[in-house]
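Accompanying notes for the structure given below.
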Amino acid sequence: ARKLYTSEGYPDASIEYELRPGEDNTAEIVYSIEEGPLVRVADIRLEGVRAFKQRVLRKLMTTRSEWMLSWLTGAGLLNEDELATDVERLTAYYYDNGYIHVRVDEPFIERVDDGMVVTIRIEEGPLFKIGEITFAGPLLLPEDRLLAISRLTAGGVFRASELREAIFALTEAYGDLGHAFADVVPGTRVRAEDEEVDIAFEFDDGPVVAVRRIEIRGNTKTRDHVVRRELRLQEGQRFSGSGLTRSKVRIQRSGHFETVELSTKRTGTEDEVDLLVELKEGRTGSFSAGAGYSSDDEVLFNARIAERNLFGRGQSLVVNTDMGTIRQNFQFSFTEPWFGGRPLSLGFDLFDWQLEFDRFARGGRGFAVRLSYPLEELGLYRLARLSLRD
């Protein structure tokens, strides 16, 4: 209870209890609580900071100092667990920006007048950069190519996040050569005198494997072929690391599933692997209806039905209608994302609208046809990735 009161801004709360004997060998516990005044964090001081702006580090923290709208936002309340997490966030941020010898001290909390001041002392240490980058083990690609794939540069700031990305990229590159179980182990050597970190990648390629069987689980509504057509790996095909990644992205992009997980499973044969696709169906349909009134349309009713995965075939259907005293509008849209067994999206729209005025009426009927083809299927994979990134 005391911890709860402190987290709610009452660090001076006094909690006492009394045991009172009751009937039948029972006892009552009576708590006496004096909450005391509401006390907020008046200021947060980060001492020893030179490498970054104070406001950048403060944004990393959950703990905030009070301001004029603290009564509404809750800013300024001190939670010791969140403050401990803030220390971890600050440490991780420094470490990921080359300050691998950083030390963030435990916060010092001081009462000042009717508020609290939180002081965190930071010893940044020197900025470490990347020294020598080496590769060992079975090298299936030239070293300059491996260096380019890792995207690490000697002389650049040493970042743990970039090292993790390099491991993933190198593993995927070996996976593209069919080595599904390739292992890339990074070794680091800190040279404090030079303020550099040497990185040594050790490769274990493993055997070249092919996909034996693809097993799809969790698609209670969506048909198997709708999922399989998005996969960049097929049964009997050599394994590909980038193909595995792209398969997951393509299934997620379909919008039919809440979660998508792809994993490999060893088989009894050294050169074969099974691919497991585990899915959780998402909501793909919606219905909305409403009514309103305006001086132009007077009474207006609207109804809309949409389904992105019609009958589990991946097709989209939208029916929208507006009915009012003056306006009548009807629209029907249908899209087949894979026409003729190819990723050719074919859709058509039907519409019928009419506006009725006192002296005349306007309206129209018609249809439209839509076609689209993904850039990736035209061999423009890099351009497709840039378009998705934008």
Taking the range 82-103 and keeping residues aliphatic (A, V, I, L, M), open to solvent by less than 40 Å² (accessible area, probe 1.4 Å) and within 15 Å of Thr62 (Cβ to Cβ) leaves Leu83, Val87, Leu90
Show the residue pairs that are 6+ apart or on different chains and have beta-carbon atoms under 7 Å apart, the first residue being within the range 12-33 and touching a residue at least 40 places away in the same chain (Cβ under 8 Å) and over 30 Å from Asp113 (Cβ atoms), the second being open to solvent by 100 Å² or more (accessible area, probe 1.4 Å) and assigned to a loop (DSSP other than H, G, I, E, B).
none
Subset of the range 291-330, residues under 35 Å from the mean Cα position of the chain (by Cα), at negative phi and open to solvent by 80 Å² or more (accessible area, probe 1.4 Å), comes to Arg304, Ile305, Arg308, Arg313
Which one of these does Val49 not meet: (1) closer than 18 Å to Thr119 by Cα; (2) among the β-branched types (Val, Ile, Thr); (3) modelled with pLDDT under 90; (4) more than 26 Å from the chain's Cα centre (by Cα)?
(3)
Working only within the range 330-372, note down all residues that are in a loop (DSSP other than H, G, I, E, B) and more than 20 Å from Arg308 (Cα to Cα).
Phe357, Asp358, Arg359, Phe360
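Let's see how each residue does on (1) modelled with pLDDT of 95 or more; (2) among the acidic types (Asp, Glu):
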site: Leu279; (1), (2): yes, no
site: Asn302; (1), (2): no, no
site: Phe330; (1), (2): no, no
site: Asp358; (1), (2): no, yes
Restricting the range 298-344 to residues that are among the acidic types (Asp, Glu) and in contact with a strand residue (DSSP E or B) (Cβ under 6 Å, 6 or more places away or on another chain), the one nearest to Arg229 (Cα to Cα) turns out to be Glu336
Gln234: passes all of (1) open to solvent by less than 60 Å² (accessible area, probe 1.4 Å); (2) in a loop (DSSP other than H, G, I, E, B) but (1)
Which residue pairs have Cβ atoms closer than 9 Å, lie 6 or more positions apart in sequence or on different chains, and pair a first residue in the range 311-331 that is among the aliphatic types (A, V, I, L, M) with a second residue that is in a loop (DSSP other than H, G, I, E, B)?
Ile326/Asp296; Ile326/Asp297; Ile326/Phe357
Hand me the list of strands (runs of 3 or more DSSP E) wholly inside the range 106-145 holding 3 or more residues that are open to solvent by 30 Å² or more (accessible area, probe 1.4 Å).
108-112, 129-136
Name the residues in the range 107-146 that are farther than 30 Å from Val49 by Cβ and of a type in the set (Phe, Trp, Tyr), would you?
Phe135
Per the list (1) open to solvent by less than 60 Å² (accessible area, probe 1.4 Å); (2) modelled with pLDDT of 95 or more, residue check on Glu261 breaks on (1)
Subset of the range 237-258 (residues that are crowded, with 17+ Cβ neighbours inside 10 Å, out of contact with any strand residue (DSSP E or B) (no Cβ under 7 Å at 6 or more places or on another chain) and closer than 22 Å to Ala180 by Cα)
Ser240, Gly241, Gly243, Arg246, Arg250
Are any residues in the range 250-279 touching a helix residue (DSSP H, G or I) at 6+ places or on another chain (Cβ under 8 Å) and of a type in the set (Val, Ile, Thr), and if so, which ones?
Ile251, Val260, Thr264, Val277
Does Thr188 count as in a strand (DSSP E or B), farther than 30 Å from Gly268 by Cα and either free of Cβ contacts under 8 Å to residues at least 40 places away in the same chain or open to solvent by 30 Å² or more (accessible area, probe 1.4 Å) (or both)?
yes
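The values are calculated or read from the model by the stated rules, or taken from the named source; none is laboratory data. Computed from a predicted model, the values in this text were never measured in an experiment. FYI the Cβ positions are ideal-geometry reconstructions off the backbone, even for glycines, and counts take in every protein chain you see. Each accessible area value is taken on the protein alone, full model and side chains, heavy atoms only, with ligands, DNA and RNA left out. Shrake-Rupley method; radii C 1.70, N 1.55, O 1.52, S 1.80 Å.
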